[in-house]
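Notes for the one structure printed next.
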Number of protein chains: 2
Amino acid sequence: MIKQGIEIEHAAALLKLLGDKTRLTMVKILADHDCCVCEFVEIFDTSQPAISQHIRKLKDAGLVKESRRGQWIFYSLNQEYEQFDFVQLLLNALPSQEEKLTELEKQGKRISCE
Amino acid sequence: MIKQGIEIEHAAALLKLLGDKTRLTMVKILADHDCCVCEFVEIFDTSQPAISQHIRKLKDAGLVKESRRGQWIFYSLNQEYEQFDFVQLLLNALPSQEEKLTELEKQGKRISCE
DNA sequence: TCATCATATAATAATACACTTATATAATCA
DNA sequence: TGATTATATAAGTGTATTATTATATGATGA
C-alpha cells in the first residue's frame with residue numbers, strides 16, 4: 001500500500017516546527033536560496049548560536065540539508081523530505097522574503113563561493 | 001491598498017497554534033462538524049479542562065466560534081476568520097478524522113440537539 | 001428551589017522552548 | 001604553525017506551554 005499524504009500527528013509536529021517566526025522565515029528563504037548561518041545571523045539580527053539551534057531543529061526533522069563549501073556550510077531545503085509537498089503548499093501561501101536577501105546583498109554581506 | 005495573503009509573523013503564530021496534535025485534530029473535525037466540549041473529551045480521552053483550554057486558544061485566535069444550544073456549547077470553525085483560506089489550504093491536506101466521530105456515534109455519545 | 005450536567009476558570013506543577021554565555025571543532029590563510 | 005573565521009555544542013536561565021486538581025458559573029429538569 002502506497003503511503004499518501006501526511007498523518008495528523010506528523011503534521012502537527014511539522015506545524016509546530018514551522019510555528020516560529022525565525023524558522024518559518026528561514027525555510028521560506030531557503031525555498032529559493034541556499035544560505036549559510038552567518039547570513040541568517042545578519043538577516044535576523046540575532047546570535048549565531050540561536051541560528052545554529054534553529055537550523056539544527058530543521059535538520060533533525062529532515063527539512064533542510066547541509067553542504068559544506070570551503071569555510072561555509074550552506075543549508076538548503078531537502079527536496080527528498082517526506083512531506084515536501086505539504087511544506088511547499090504552505091510556503092507558497094506565504095509572502096516572499098526576497099527583500100531580506102536583497103538587503104543583505106546591498107550591505108555586501110551576501111556570501112557566495114562559486 | 002487591499003491586504004492580501006498572510007503575513008509571515010501571523011502565519012508563524014497560526015502554525016504554532018495548530019502545531020498541537022489535539023488542536024489540529026479538533027480543527028480538522030470542526031471543518032466538517034460542529035462539536036461540543038464533551039464530545040472532544042470522549043474523542044481525545046482527556047480531561048474536560050484540558051479540552052476547554054485548547055478551545056479557548058482557538059477561540060482567542062478567532063479560529064472557532066461558539067453557539068450555545070441549551071445545555072451545550074457547540075463550537076464551529078469561524079468562516080470569517082481573517083486567514084480562513086490559509087487554514088482551509090492546510091486542512092485539505094490532512095487526512096479525514098471522520099472515523100473519530102463515527103466511533104463516537106457507535107458508542108452513542110454523539111450529541112445532537114436539533 | 002435543589003440536584004445535575006456542561007463548561008469555564010484559577011492555581012499549580014512539570015515540561016518544553018528559545019535565548020544567552022562560554023567553549024569546542026573545523027576550515028582557511030598568513 | 002598560529003591566527004582568524006564559521007559553525008556547533010553545552011550549560012544555564014527565564015519564560016511559555018500543557019496538563020492536573022479544585023472550584024465557579026450557567027442551564028436544565030425533577
- Query: Just checking, which of B:Phe40, B:Phe44 is within 16 Å of DNA strand C (Cβ to nearest atom), more than 24 Å from A:Phe86 (Cβ to Cβ) and touching a helix residue (DSSP H, G or I) at 6+ places or on another chain (Cβ under 9 Å)?
  - Reply: B:Phe40
- Item | Selection within the range B:20-31 - within 13 Å of DNA strand C (Cβ to nearest atom) and open to solvent by 10 Å² or more (accessible area, probe 1.4 Å) | B:Asp20, B:Lys21
- Message: Going through B:Tyr75, B:Tyr81 one at a time, which residue ends up being within 30 Å of A:Lys100 (Cα to Cα), modelled with pLDDT of 95 or more and of a type in the set (Ser, Thr, Tyr)?
- Response: B:Tyr81
- Message: Contact list please: Cβ distance under 8 Å, first residue in the range B:40-57 and of a type in the set (D, E, K, R), second residue within 10 Å of DNA strand C (Cβ to nearest atom), pairs at least six apart or on different chains.
- Response: B:Glu42/B:Lys109
- Item | Enumeration of residues in the range B:26-70 that are more than 21 Å from B:Glu103 (Cα to Cα), in contact with a strand residue (DSSP E or B) (Cβ under 9 Å, 6 or more places away or on another chain) and of a type outside the set (Ser, Thr, Tyr) | B:Ile55, B:Leu58, B:Lys59, B:Leu63, B:Val64, B:Lys65, B:Glu66, B:Arg68, B:Arg69
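Matching residues to (1) more than 10 Å from every other protein chain (Cβ to nearest Cβ); (2) buried (at least 19 other Cβ atoms within 10 Å of the Cβ); (3) assigned to a loop (DSSP other than H, G, I, E, B):
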residue: A:His33; (1), (2), (3): yes, no, yes
residue: A:Glu42; (1), (2), (3): yes, no, no
residue: A:Arg56; (1), (2), (3): yes, no, no
residue: A:Lys65; (1), (2), (3): yes, no, no
residue: A:Ser76; (1), (2), (3): yes, no, no
residue: A:Glu80; (1), (2), (3): yes, no, yes
residue: A:Gln88; (1), (2), (3): yes, no, no
residue: A:Pro95; (1), (2), (3): no, no, yes
residue: A:Glu103; (1), (2), (3): yes, no, no
- Scanning the range B:54-82 residue by residue, the ones that are among the polar types (S, T, N, Q) and within 14 Å of B:Val27 (Cα to Cα) total 3
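The values are calculated or read from the model by the stated rules, or taken from the named source; none is laboratory data. Not measured: the values here are computed from a predicted model. Positions of Cβ are backbone-derived with ideal geometry, glycine not excepted, and every protein chain shown enters the neighbour counts. SASA here: full protein model, heavy atoms, side chains in, ligands and nucleic acids out. Shrake-Rupley method; radii C 1.70, N 1.55, O 1.52, S 1.80 Å.
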